[in-house]
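Contents: one structure, followed by commentary.
The values are calculated or read from the model by the stated rules, or taken from the named source; none is laboratory data. Since we're looking at a predicted model, the values are computed, not measured. Cβ sites come from the backbone with ideal geometry, for glycine too, and all protein chains shown count toward neighbours.
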Amino acid sequence: MSSSDWKAAIAEHKVDPKVKAEARKKFHFRPSEDAPTSKIAPENTVQLEAIDLSKYKEGEEGLPARKELADQLEGAVTKYGFFKVTNFAPKELLEQLFSLSQSTFEEPDEVKKQFFAGEHNLPHEKNRPLGVVRGSGYKPAGFWKYTENKTPDNVEFFNIRNFTQFDTFFNKTEYPEFIKANLDDIAYYFNYVHHEVLRKVLNLIDLILELPEGFLYENYFSVVQGDLANSPDGSARFLLYRKVTDEYNEKTGNIWMRGHADQDALTFLLSQPILSLQIRDHDTNQWKYVTHTPGALIVNIGDMFSQISGGYFKSSIHRVVTAPEDQRQYDRNTALYFCNPVPTTYLDPDAVHSPKLDRLGYKRDAKLERITAAQWDDKKGEFFNRVSENRTKDFTLFGRPTVGSLVV
């Protein structure tokens with residue numbers, strides 16, 4: 001779907017400006033307040049590669065610039081499994097999204113209970129164990145219990161599914177009032193990330209893997225309207241980490257979200273000022289803070305892409321610690337896109353036939369059964385949906401090691 005096509009399709013579902021204005025007034029739509037820059041010591045941070053999409057040029061004349069970006073990206077995805085994307089969208093679009101995320105959590109508790117995540121699955125999702133982690137709707141704070149003392153978590157989120165499938169998204173899904181009144185703007189941002197940013201990143205990965213540009217996007221991430229079974233199956237999320245008390249920090253070891261590896265292919269997170277996201281070095285196991293870059297996306301490789309690459313790309317282990325002392329009085333508000341390929345995609349190098357992977361010796365383990373993206377997504381999703389019995393260092397699914405929810 002071209003840029004003009006998806007934009008035109010969303011424009012057909014434009015929300016009545018009066019309805020939108022009334023909802024924004026009711027739910028205190030406002031600019032998101034940025035925390036001041038933290039004074040955490042630089043040696044405790046990691047400087048991720050920044051893929052500047054203003055340098056990405058289409059066409060044959062832009063190939064040298066794309067190859068330079070691909071070389072830069074290869075170092076990032078094979079070392080940390082993390083990188084940043086800069087200059088990818090207008091400032092106004094990102095500011096609006098932070099405000100949309102913020103006001104989503106202004107709905108009263110009784111409404112949040114009515115839209116509890118995983119309880120309003122659509123017919124095509126009925127037999128899938130989406131649960132609170134992947135199902136549409138709200139996950140309340142306190143759903144997970146941290147550490148042996150059963151301390152409830154302090155994180156809320158709202159999951160958004162099927163945003164690339166316009167009939168399903170706009171006409172067949174129920175939403176709370178604020179979300180419904182802003183569906184067009186929500187759809188625009190996440191489709192922008194999928195159709196514009198993801199496509200460019202995948203083209204760079206094609207170059208890394210010595211595949212024809214467009215191969216990954218067209219074969220595994222291209223949307224077919226009305227055909228959900230043969231379209232990429234990811235989800236979006238508005239995410240709110242509420243400020244915590246000293247007692248919470250003492251009981252949890254200053255943890256907002258325990259260490260884990262994402263089950264998807266790629267995760268796109270809007271960078272925000274609170275210094276809380278940490279990644280674990282694959283060689284030293286040392287945790288390092290990811291610094292904030294205004295207007296950037298923080299992107300990480302998930303389990304699916306790591307398996308497709310035979311382990312050449314690293315599925316990044318990361319966690320979220322509570323805000324440092326000089327940012328303690330602020331909530332952490334952001335938005336994510338968990339990007340999955342088409343559900344029938346096989347998660348091994350045989351799926352892509354990459355000359356680069358073949359040459360380097362990254363091949364499918366013939367001793368393991370072949371599994372699809374849908375199988376992995378559902379099985380690991382079941383693990384994350386457990387309320388408190390998912391504290392573990394590592395475990396295996398389908399004979400493959402992965403990281404679920406680290407205690408330390």
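Take the residues in segment 114-144 that are charged (D, E, K, R) and touching a strand residue (DSSP E or B) at 6+ places or on another chain (Cβ under 8 Å), then tell me which one is surrounded by the fewest Cβ atoms within 10 Å (Cβ to Cβ). Please lay out each step first, then the result.
Initial filter on segment 114-144 (charged (D, E, K, R)): 119, 125-126, 128, 134, 139.
If we keep only those that are touching a strand residue (DSSP E or B) at 6+ places or on another chain (Cβ under 8 Å) as well, we get 119, 125, 134, 139.
Values: GLU119: 15, GLU125: 18, ARG134: 29, LYS139: 24.
Within segment 114-144, the match that is surrounded by the fewest Cβ atoms within 10 Å (Cβ to Cβ) is GLU119.
Would you check which residues across segment 172-189 are in a loop (DSSP other than H, G, I, E, B) and in contact (Cβ under 8 Å) with a residue 60 or more places away in the chain and list them?
Going residue by residue through segment 172-189, those that are in a loop (DSSP other than H, G, I, E, B) are 172-176, 182.
TYR175, PRO176, ASN182, listed by residue number.
When LYS57 is evaluated against the numbered criteria (1) surrounded by 12 or more Cβ atoms within 10 Å (Cβ to Cβ); (2) part of a helix (DSSP H, G or I); (3) without any contact (Cβ under 8 Å) to a residue 60 or more places away in the chain, which criterion, by number, is the only one it fails?
Here LYS57 meets the rest and fails (2).
Considering each of LEU357, LEU368 in turn, give the residue that is in a helix (DSSP H, G or I), over 21 Å from the mean Cα position of the chain (by Cα) and either surrounded by 23 or more Cβ atoms within 10 Å (Cβ to Cβ) or at negative phi (or both).
Numbers: LEU368 fails: in a helix (DSSP H, G or I).
Of LEU357, LEU368, the one residue that is in a helix (DSSP H, G or I), over 21 Å from the mean Cα position of the chain (by Cα) and either surrounded by 23 or more Cβ atoms within 10 Å (Cβ to Cβ) or at negative phi (or both) is LEU357.
Taking segment 92-146 on its own, how many of its residues are closer than 25 Å to LYS20 by Cβ, of a type in the set (A, V, I, L, M) and not in a helix (DSSP H, G or I)?
So the count comes out to 2.
Considering GLU95, GLU106, which residue is closer than 23 Å to ARG328 by Cα, under 19 Å from the mean Cα position of the chain (by Cα) and among the acidic types (Asp, Glu)? Break it down into steps so the answer makes sense when it comes.
Numbers: GLU106 fails: under 19 Å from the mean Cα position of the chain (by Cα).
It is GLU95.
Being of a type outside the set (D, E, K, R), buried (at least 22 other Cβ atoms within 10 Å of the Cβ) and in contact with a Ser or Thr (Cβ under 8 Å, 6 or more places away or on another chain) is true for just one of ALA265, ALA236, ALA261. Which residue is that? Talk me through it step by step, then tell me what you get.
Working: ALA265 fails: in contact with a Ser or Thr (Cβ under 8 Å, 6 or more places away or on another chain); ALA236 fails: in contact with a Ser or Thr (Cβ under 8 Å, 6 or more places away or on another chain).
Among ALA265, ALA236, ALA261, only ALA261 is of a type outside the set (D, E, K, R), buried (at least 22 other Cβ atoms within 10 Å of the Cβ) and in contact with a Ser or Thr (Cβ under 8 Å, 6 or more places away or on another chain).
Among the helices (runs of 4 or more DSSP H) confined wholly to segment 199-316, which include 2 or more residues that are of a type in the set (Val, Ile, Thr) and either within 29 Å of LEU93 (Cβ to Cβ) or in contact with a Leu (Cβ under 7 Å, 6 or more places away or on another chain) (or both)? Outline the logic, then answer.
Working: elements: 199-208, 246-252, 303-308.
In segment 199-316, the matching helices (runs of 4 or more DSSP H) lie at 199-208.
Take the residues in segment 295-318 that are surrounded by 24 or more Cβ atoms within 10 Å (Cβ to Cβ) and aromatic (Phe, Trp, Tyr); name whichever of them is nearest to ALA265 (Cα to Cα).
Per the criteria, the residue is PHE305.
Do we find that ILE208 is over 23 Å from SER309 (Cβ atoms), among the hydrophobic types (A, V, I, L, M, F, W, C), at pLDDT 95 or above and buried (at least 17 other Cβ atoms within 10 Å of the Cβ) in this structure? I'd like the intermediate steps shown before the answer.
Details: over 23 Å from SER309 (Cβ atoms): no; among the hydrophobic types (A, V, I, L, M, F, W, C): yes; at pLDDT 95 or above: yes; buried (at least 17 other Cβ atoms within 10 Å of the Cβ): yes.
For ILE208, the condition - over 23 Å from SER309 (Cβ atoms), among the hydrophobic types (A, V, I, L, M, F, W, C), at pLDDT 95 or above and buried (at least 17 other Cβ atoms within 10 Å of the Cβ) - is not met.
I'd like the full set of residues that are among the polar types (S, T, N, Q), at negative phi and not in a helix (DSSP H, G or I), limited to segment 154-171.
So the first thing to find is which residues in segment 154-171 are among the polar types (S, T, N, Q), and the list is 154, 159, 162, 164-165, 168, 171.
From the residues that got through so far, the ones that are at negative phi too are 154, 159, 164-165, 168, 171.
Scanning segment 154-171 gives ASN154, ASN159, THR164, GLN165.
Is there any pair linking a residue in segment 308-327 that is on the phi < 0 side of the Ramachandran plot to one that is assigned to a loop (DSSP other than H, G, I, E, B) and of a type in the set (Lys, Arg), with Cβ under 9 Å and at least six apart or on different chains, and which?
THR322/LYS243; THR322/ARG328; ALA323/LYS243; PRO324/LYS39; ASP326/LYS39
Starting from residues that are of a type in the set (S, T, N, Q) and closer than 27 Å to GLY381 by Cα, keep the ones in segment 73-102 and report whichever is surrounded by the most Cβ atoms within 10 Å (Cβ to Cβ). It would help to see each step written out before you state the result.
Taking segment 73-102 as the starting set, the residues that turn out to be of a type in the set (S, T, N, Q) are 78, 86-87, 96, 99, 101-102.
From what is left, the residues that are closer than 27 Å to GLY381 by Cα are 78, 101-102.
On the way: THR78: 16, SER101: 23, GLN102: 21.
The extreme case among them is SER101.
Being of a type outside the set (Lys, Arg) and closer than 17 Å to LYS200 by Cβ: is that true of PHE238 here? Quick ask: steps written out before the conclusion?
Numbers: of a type outside the set (Lys, Arg): yes; closer than 17 Å to LYS200 by Cβ: no.
So PHE238 fails the test.
Check segment 310-319 and report whether any residue there is of a type outside the set (Val, Ile, Thr) and out of contact with any Gly (no Cβ under 9 Å at 6 or more places or on another chain). Break it down stepwise before answering.
Of the residues in segment 310-319, the ones of a type outside the set (Val, Ile, Thr) are 310-316, 318-319.
Of the ones still in play, those that are also out of contact with any Gly (no Cβ under 9 Å at 6 or more places or on another chain) are 311-312.
Looking through segment 310-319, at least one residue is of a type outside the set (Val, Ile, Thr) and out of contact with any Gly (no Cβ under 9 Å at 6 or more places or on another chain).
From the list LEU336, LEU406, pick out the single residue that is surrounded by 17 or more Cβ atoms within 10 Å (Cβ to Cβ), aliphatic (A, V, I, L, M) and at pLDDT 95 or above. Outline the logic, then answer.
Values: LEU406 fails: at pLDDT 95 or above.
Matching residue, one of LEU336, LEU406: LEU336.
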